[in-house]
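The values are calculated or read from the model by the stated rules, or taken from the named source; none is laboratory data. Fair warning: this is a prediction, and the values are worked out from it, not measured in the lab. Virtual Cβ from ideal backbone geometry, glycine too; neighbours counted across all protein chains shown.
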């Protein structure tokens, strides 16, 4: 009987160890199921997003917004380039000088005005005032120089230099 008692004890201990291992594994399974359930809830909440919108729909909406903003940016950039081109051709450099064309007048009534764009294209206006007459001239300027048909006076050259340096 003694031999049987030892076998019973060994079988009992093995059974007890197996049952203990099964209980521990069962506890681990319950713990993993609980964590999985929590993760599922968090995943569903995350996927539903704000106001019930899924992340996929939110990303699609944001992508559409980004594409719209990119289109607007391209339009604005194009308009900016047009404005820059317009600004380059607008009259932006102006200079004026007064001078005495004739020594006997002495009042500085003669004048020159240079009006140029940023490419130094434009016109020089001159008015020569004498005691009995006044003459006005307009000379085209291209690239900071007059055309071959016109010659600038020293006052016109001076006002042209002043305008180009602005």
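General observations
- Condition check for residue 101: in contact (Cβ under 8 Å) with a residue 60 or more places away in the chain, touching a strand residue (DSSP E or B) at 6+ places or on another chain (Cβ under 7 Å) and not in a helix (DSSP H, G or I): no
- Restricting attention to the stretch 77-107, the residues that are closer than 18 Å to residue 153 by Cα and modelled with pLDDT of 90 or more add up to 5.
- The condition of being surrounded by 13 or more Cβ atoms within 10 Å (Cβ to Cβ), under 30 Å from residue 157 (Cβ atoms) and over 39 Å from the mean Cα position of the chain (by Cα) holds for only one of 110, 136, that being 110.
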